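Worksheet: the structure to be examined is printed underneath.
The values are calculated or read from the model by the stated rules, or taken from the named source; none is laboratory data. Computed from a predicted model, the values in this text were never measured in an experiment. Note that we place each Cβ from the backbone using ideal geometry, even for glycine, and neighbour counts take in every protein chain shown. Keep in mind that these areas ignore ligands, DNA and RNA; they rest on the heavy atoms of the full protein, side chains included. Shrake-Rupley method; radii C 1.70, N 1.55, O 1.52, S 1.80 Å.
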Amino acid sequence: MRHEAPTRRTVLTAALAAVATAASLTAGCTRHGPADDGRAPQATATPGEGTPAPSGQQATGSVLAVKIDNVASARPQTGLDSADVVYAEQVEGGLSRLMAVYATELPAVVGPVRSARESDLELLRQFDRPTLAFSGAQKKLLPLIGRAPLRPESPAEASGAYFRGSGRPAPHNLYLRPAGVMPDGAPGRAALTTGFRYGPAPAGGTVTAARTVRYPAARFTFTWSGDRNRWLVSMDGTPARTTAGKRLAAPTVVVQYVKVTTSRYHDVLGNYTPYTETVGSGKADVLRDGRSFRATWSRPAATDGTTFTGADGAPVNVADGPVWVVLVKA
């Protein structure tokens with residue numbers, strides 16, 4: 001994978017830093033997190049309205065990854081139901097944040113969009129030069145994003161693709177029109193180089209009606225629906241829906257136990273960001289077909305995908321359709 005040329009990298013880093021500085025003076029601040037996300041044009045619109053403005057050239061085969069706000073003030077979200085993979089990670093204060101990955105379909109609008117974290121850069125190395133849509137980042141992290149083998153698309157690079165939605169305060173009202181950063185459309189399933197194997201469920205497993213995963217200040221519950229053949233998603237005890245009223249659900253949920261340490265970066269209040277390590281190996285539970293399957297996950301290098309193997313050494317397949325991966329401290 002190619003890195004940015006030095007000239008572009010320098011310009012990119014300076015632009016991101018400039019936007020971050022300006023935004024810190026105007027961003028809305030809530031008790032749920034740092035005011036690091038007020039990086040967007042202030043024109044007000046409603047999610048789903050308007051025509052996107054193309055921005056730059058899209059690398060062939062690149063997935064779109066979008067950082068999604070997940071505090072109560074940000075719900076319901078828009079466009080999550082179109083994601084091929086949704087990663088949940090712990091952030092400052094024990095709260096959760098999502099990263100939605102799109103390869104087979106691009107929704108008209110996604111959001112609310114929030115800031116990137118250091119862990120995202122390692123997680124995204126599994127894809128070939130992915131496009132990362134995010135609202136900004138801690139200023140010391142910006143140069144690292146600029147050097148990463150990805151296409152950063154914050155409002156600094158693609159202001160025409162972002163807009164402020166009505167009815168919510170900043171920073172929980174920033175939305176992306178994916179066509180504005182992906183003018184060639186969705187790259188297709190071949191770009192989804194996660195390492196996941198799709199196919200029939202293995203034998204065995206434990207019948208599971210529901211599974212709850214807890215962070216210090218957030219929780220996810222996945223309840224099996226035989227009628228829909230999917231796990232219904234709840235967040236912090238409330239059924240999760242999109243802005244269109246559609247219940248969020250996925251045929252496969254992976255609870256992946258990982259090492260979580262303290263990163264070098266912190267918010268304006270001095271709270272250090274957890275660093276979630278997704279390279280290595282560990283235990284996992286793969287939920288599908290109303291059952292839970294114990295597995296071992298393995299990702300030898302950042303450029304590799306993640307595989308899941310049962311006790312018998314056979315792959316633990318995921319079901320066709322969206323996959324939710326909840327990264328939780330081992």
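A simple charge model with +1 on the Cβ of Lys and Arg, -1 on the Cβ of Asp and Glu and nothing else charged puts the dipole of the stretch 225-330 at about 180 debye relative to its Cα centre. For Lys329, the residues whose modelled amide H falls within less than 5 Å of its own, excluding neighbours fewer than 5 places apart on the same chain, are Val258. Amide hydrogen proximity for Thr273: with H placed 1.01 Å from N in the peptide plane, the residues at 5 or more positions away or on another chain lying under 5 Å are Ser263, Tyr265, His266, Asp267.
Of the solvent-accessible surface of the stretch 190-283, computed with a 1.4 Å probe and all protein chains present, 50% belongs to carbon and sulfur.
For the stretch 121-191, relative contact order (Cα pairs under 8 Å, six or more residues apart, normalised by length) works out to 27 percent.
Taken one residue at a time, the phi angles of the stretch 134-139 give Karplus couplings (6.51, -1.76, 1.60, θ = phi - 60°) of 7, 8, x, 6, 4, 4 Hz. Gly and Pro are set to x. With θ taken as phi - 60° and the Karplus curve 6.51 cos²θ - 1.76 cosθ + 1.60 applied, the whole-hertz 3J(HN,Hα) list for the stretch 159-176 is 4, x, 8, 10, 8, 8, x, 8, x, 9, x, 5, x, 8, 9, 9, 10, 10 Hz, x standing for glycine and proline.
Extent along the principal axes, Cα only, for the stretch 125-256: 48, 37, 30 Å, with the longest axis given first.
Over the stretch 151-272, accessible surface divided per residue gives 44 Å², non-protein components excluded, 1.4 Å probe.
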